[in-house]
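Below: the structure, in structure tokens.
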Amino acid sequence: MPEDILHDRDFMPELTFSASRSSGPGGQHVNKVNTKVELRFRVMDSQLLTESEKLMIIDKLAARINLDGELVLVSQRERSQLKNKEGVIGKFYELLKRALAPRKKRKPSKPSAAAKEKRLMDKKSRSEKKERRSVVLLNSLKQIRALSL
């Protein structure tokens, strides 16, 4: 799916944002300012996605979708709520673009002549090694029989 098809759709009315206090270092600023932004998107309720696109998103982004069917993304990297909001929106579009991209079909390849040769040589050396073991076992059995008589 080309990138411009996704960006022609305006998902903003379908997105829900909430802000809260960020975690981690930052001292007094972190403790008093709500800079962490959380984006929620209800996949199955979207008017902009087709049914097949919804199913692809649910399948590929299952780890990020909660039990209520919401795709949840969080950004708390920046010290500004506005920058975190822009960052989470960018992350949202990037995730959708990757989830809706068709998978490349695997082209089966044949092993090279060198790979075949190496495989056969390895088989032969393993076979010879095991053959040498059986010769030693056979000789030791003959010796045991000779002693027991």
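The values are calculated or read from the model by the stated rules, or taken from the named source; none is laboratory data. Since the model is a prediction, treat every value here as computed from it, not as a measurement. Reconstructed Cβ throughout: ideal geometry from the backbone, glycine too, with neighbour counts over all protein chains shown.
Can you tell me how many residues in the stretch 90-106 are of a type in the set (D, E, K, R) and surrounded by 10 or more Cβ atoms within 10 Å (Cβ to Cβ)? Outline the logic, then answer.
Keep residues of the stretch 90-106 that are of a type in the set (D, E, K, R), which gives 91, 94, 97-98, 103-106.
Add one more test, that the residue is surrounded by 10 or more Cβ atoms within 10 Å (Cβ to Cβ), and what stays is 91, 94, 97-98.
Adding up the residues that qualify gives 4.
Within the stretch 33-42, which residues are at pLDDT 90 or above and either surrounded by 18 or more Cβ atoms within 10 Å (Cβ to Cβ) or within 19 Å of the chain's Cα centre (by Cα) (or both)?
Once the filter is applied, which keeps residues that are at pLDDT 90 or above and either surrounded by 18 or more Cβ atoms within 10 Å (Cβ to Cβ) or within 19 Å of the chain's Cα centre (by Cα) (or both), the stretch 33-42 yields 37, 39, 41.
Quick one: is residue 97 under 30 Å from residue 71 (Cα atoms) and in contact with a helix residue (DSSP H, G or I) (Cβ under 6 Å, 6 or more places away or on another chain)? Before the answer, list the steps.
Details: under 30 Å from residue 71 (Cα atoms): yes; in contact with a helix residue (DSSP H, G or I) (Cβ under 6 Å, 6 or more places away or on another chain): yes.
So residue 97 passes the test.
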Practice item. For residue 79, state whether it is at pLDDT below 90, surrounded by fewer than 16 Cβ atoms within 10 Å (Cβ to Cβ) and more than 22 Å from the chain's Cα centre (by Cα). Key: yes
Check your understanding: Residue check: is residue 145 of a type in the set (Lys, Arg), out of contact with any Lys or Arg (no Cβ under 8 Å at 6 or more places or on another chain) and in the same structural domain as residue 9 (by TED's automatic domain parsing)?
Key -> no
Revision key, fill the gap. Selection over the stretch 22-32 where residues are at pLDDT 75 or above and touching a helix residue (DSSP H, G or I) at 6+ places or on another chain (Cβ under 8 Å) yields a count of 2
Review point. What's the number of the condition residue 84 fails, among (1) touching a residue at least 40 places away in the same chain (Cβ under 8 Å); (2) outside any helix (DSSP H, G or I); (3) closer than 24 Å to residue 20 by Cα; (4) not aliphatic (A, V, I, L, M)?
Key: (2)
Practice item. Check off (1) under 15 Å from residue 92 (Cα atoms); (2) modelled with pLDDT of 85 or more; (3) hydrophobic (A, V, I, L, M, F, W, C) for residue 19 and give me the number that stays unchecked. Key: (1)
Practice item. Select, from 109, 134, the only residue that is free of Cβ contacts under 8 Å to residues at least 40 places away in the same chain, exposed (fewer than 10 other Cβ atoms within 10 Å of the Cβ) and either assigned by TED's automatic domain parsing to the domain that holds residue 62 or not in a loop (DSSP other than H, G, I, E, B) (or both). Key: 134
